[in-house]
Amino acid sequence: MKKLVTAMTFAGALLAIGGRAGAAPCSTVGPSGGALPNPVYLQVGDTQEPLLKSLGAALANEASPVSFIYITSGSCTNIDAIYKREPGWPYKLVLIAGLVGTFTIGLIEGRGFLDPGMRSKWIYDWLYSPMQGTMFALLAFFIASAAFRAFRIRTFEAGLLAVAALIVMLGRVPIGDVLTQWLPASIRLQPVQEWILNVPQNAAKRAILMGAALGVMATGLRVILGIERSYLSGED
């Protein structure tokens with residue numbers, strides 16, 4: 001993997017521990033006094049630190065340096081936030097209590113915990129499912145707003161893609177049938193979006209997968225026959 005990470009910079013000490021107020025900004029000055037090349041800022045769990053160290057050691061001799069500047073956080077971040085009374089800690093307390101309570105009730109009720117009349121079934125039907133539906137309903141608006149900001153229609157093909165995306169989004173929710181209930185059943189939004197997913201979308205997806213498979217086969221043959229040796233000798 002050429003032109004990737006070449007240096008691992010440990011700057012956790014340059015950040016205030018635990019996001020304390022008045023924390024100093026992270027420095028981009030390297031150990032030798034020069035500016036760090038292409039810094040990438042990360043906040044990862046402490047379990048990912050060995051992976052970052054291994055990645056930096058494996059890519060230490062690349063030609064295009066990129067510096068990792070990261071700070072680690074503990075694995076039990078919710079419990080730590082409750083203990084420190086950080087903003088939003090009551091919500092984390094409800095999360096932990098719900099996790100422990102649901103797990104305990106499931107253990108007590110045994111294998112039939114989802115049978116009708118069981119407390120776990122009630123929790124699933126009247127707490128978990130409504131919250132899940134609410135999250136997905138909000139997610140649809142976030143996806144639509146992000147697509148509107150990132151997507152720009154400049155060509156005819158981009159216009160087709162935008163129209164197809166709009167049809168699929170509206171056709172997969174009940175409001176799509178309400179908007180097109182006056183049309184014949186075969187050209188309402190739901191059957192149209194199903195046709196888009198089953199015919200042109202599947203055709204394009206299969207073509208991409210076939211191309212990727214051929215590329216993997218070609219690369220594998222080059223490695224087996226000794227034509228591709230850059231991963232051993234460092235040649236381009």
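Taking label positions 7 Å along the Cα-Cβ direction at both GLU49 and LEU139, the computed distance is 3.2 nm, reported to one decimal. Report Rg/Rh for the stretch 152-198, rounded to two decimals, where Rg is the Cα radius of gyration and Rh the Kirkwood radius. That ratio equals 1.03. The TYR124 and LEU225 beta-carbon pair, evaluated with R₀ = 41 Å, returns a calculated FRET efficiency of approximately 0.15. On the beta carbon distance between PHE156 and ALA204, with R0 = 22 Å, the FRET formula returns roughly 0.85. Diffusion coefficient (Stokes-Einstein, Kirkwood radius over C-alpha pairs, 20 °C, 1.002 mPa s) for the stretch 77-150: 145 µm²/s, rounded to a whole number.
Computed over the stretch 124-225, the alpha-carbon pair-distance distribution with 5 angstrom bins reads 2, 10, 12, 14, 16, 15, 11, 8, 6, 4, 2, 1, 0, each value a whole percent.
Every number here is computed from the coordinates shown, using simple stated rules; none is lab data. Here the structure is a predicted model, which means the values were calculated and not measured. Cβ sites come from the backbone with ideal geometry, for glycine too, and all protein chains shown count toward neighbours.
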